[in-house]
Structure formats: C-alpha cells, structure tokens
1. Has the stretch 52-74 got any residue that is assigned to a strand (DSSP E or B), modelled with pLDDT under 95 and out of contact with any Phe, Trp or Tyr (no Cβ under 7 Å at 6 or more places or on another chain)?
2. Working only within the stretch 234-259, note down all residues that are at pLDDT 90 or above, closer than 17 Å to Asp167 by Cα and of a type outside the set (Lys, Arg).
3. Tell me, yes or no, whether the stretch 122-130 has at least one residue that is buried (at least 18 other Cβ atoms within 10 Å of the Cβ), at pLDDT below 80 and within 15 Å of Ala28 (Cβ to Cβ).
4. Got a sec? Which of Ala106, Ala62, Ala32, Ala76 is assigned by TED's automatic domain parsing to the domain that holds Pro138 and within 20 Å of Leu182 (Cβ to Cβ)?
Amino acid sequence: MTPPLPAPAPIIAGVDGSAEAVDAVRWAARAAVRHDVPLELVHATSFPDLLVGGVVPPTEEAKVLLRRHGRHLLRAAHEVARGAGAADVRERLDPDRPAPALLDLAGQASAVVVGHGQGRFGSLLAGSVAMALAAHAPRPVVVARGDLWDVPAAAGPVVAGIDGGPDTVAVVAAAFTEAASLGAALLVLHAKNDPDVGETASALDEVLEEPSRHHPDVLVEHTVVGGRPRHELLERSANAQLIVLGRRGRGGFPGLLLGSTVQALVHHAASPVLVTHAGV
C-alpha cells in the first residue's frame, strides 16, 4: 500500500486584534489559498507577563479572562480569514508570549505572517516580534505592510533584493514561487559594489536559470545597482506586491542576525516583506 502523502505545512498568522494583525490574517489567508495549504491562527495570551516578581504565577481568574479574550480574537480573525477565501482555518491559543510562541511553531509551518508593529496588550509590540521572527524563525517570515496587495486591480511586481550573499538562492526561489502564485512579474534587484556590471549580470543569469525553468510563465527583469540597495527597494516597494529579501546581506557584520536593509524594509516598506534564508 502506498503511504499517504504528508499533510501540507500550514501558513501561521499571529493574531492580537489590532488593525495590523487583521491585515496579516487577510494576507496569510490569501496566501494559503494561493498555495493550497491550511491557515493556522495563533494568539499568545502572554501568561508569563502576569508573573508577580517573576515567581508568583497569575491567578486562575486572570488566566480564564485572557483565554476568553483570546478565543474572541481568534473567532474574529477566523471570520476575516474565511472572508478572504481560506477554507481550512485552524485556531490555536498559546499561553506563552508572542515571540516564543510563534518561534516554537514556525518549524512546523510553511511561513509565518505577522503585522508590522502592533501595540496592544499581548501584541507584537513596536515590531519586536516581527524582528525576532525575521532573525530567528527557521521558515520564511512575512511582515504584512502597505495596502497595494489588498487592491484587486493592483498588478505590481514581486521585487527580490539580492547581493550575491549566502541567502541569494533562497531569495530567488521564494520570489519566483510568490510571483507565480500571484501571476505577477518578477524584478530582481542586484546590489553590487564591483563596477564590472557585465560579470555581475552573467552570475545573476546563472542564479535565475533553474527557477526560471520551474516557473516559465513568470516574466523576469533583472537590474544591477551600485552600493546599498535600501533606498531603491524602499522606493520600489510603493508599487510592489511583495519584497523578498535574505536575512543577512553579504556585507553584514559577523554576529549580526539581520542585515540593515532587512531592518529598514521591515520598518518602512510600503508593501509586505518576505524574509527568507539559506537554511529554508
């Protein structure tokens, strides 16, 4: 007997009731439909934050209230996800803080989607959870920014930012996959300090060769820019459906978990930002 195929890994979306989290749920739901995978909605109740002096556990009454509030937020998010077309939607209530809860689940996901800077209780405060996930999650992380992706008539490209560093192949692969699922064109922006543009373009063609064979319908444009690409990426994000970046650039400092370009885009891009890495 042929063994059954493994269940597809879900897309996970963080839920906290804020407008930014609602956007993240909508984006994640549409991505789940495009990729034909389940959607799992996760709300972290942050029980550890109720510890008095770090040792006295929260009362059962406090836990009951937080669970009740969390279930209410999950039900509301479920309705948003169903309205965005997702059919297989699951809910999870986690007692931990948001960052540890989502990081713990990330290994079982195809991607994790969060808002860009919620600020309510039990939330992704000031983008700290988004940054922690981008730096540490074993799977791709999407920070849902901007609103162009929510406009049905929008036809902007997927933009991939690369610099020849260790994450380049993963970035290009993810960008092709997302462009194909969105029916979008792909713009590959290659940052290069070396003035030998011809050599750079040749190396880039090699990187694009295999994913182009897998996604022959994706229209690809690539361009080489000098110096740091953050300003051009930020500018292009105004018309992009998605920006795809690696966790660290080739010029990153040893021990620096996120490159400066990723940090700038996660905080300021006008479109969603997908962060991936070579270990995916």
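1. Of the stretch 52-74, the ones assigned to a strand (DSSP E or B) are 52, 56.
Pick out the ones that are also modelled with pLDDT under 95 and you get 52, 56.
Of the ones still in play, those that are also out of contact with any Phe, Trp or Tyr (no Cβ under 7 Å at 6 or more places or on another chain) are 52, 56.
Scanning the stretch 52-74 turns up at least one residue that is assigned to a strand (DSSP E or B), modelled with pLDDT under 95 and out of contact with any Phe, Trp or Tyr (no Cβ under 7 Å at 6 or more places or on another chain).
2. Ile243, Val244, Leu245, Gly246
3. Taking the stretch 122-130 and keeping what is buried (at least 18 other Cβ atoms within 10 Å of the Cβ), we get 122-124, 127, 129-130.
Next, from what is left, pick out any that are at pLDDT below 80: 122-124, 127.
Applying the additional criterion that residues be within 15 Å of Ala28 (Cβ to Cβ) yields 124.
Yes, because at least one residue in the stretch 122-130 is buried (at least 18 other Cβ atoms within 10 Å of the Cβ), at pLDDT below 80 and within 15 Å of Ala28 (Cβ to Cβ).
4. Only one candidate passes the filter, namely Ala32.
The values are calculated or read from the model by the stated rules, or taken from the named source; none is laboratory data. Note that the coordinates shown come from a computational prediction; the quantities given were computed from them, not determined experimentally. Ideal geometry is used to build each Cβ from the backbone, glycine not excepted, and the neighbour counts take in all protein chains shown.
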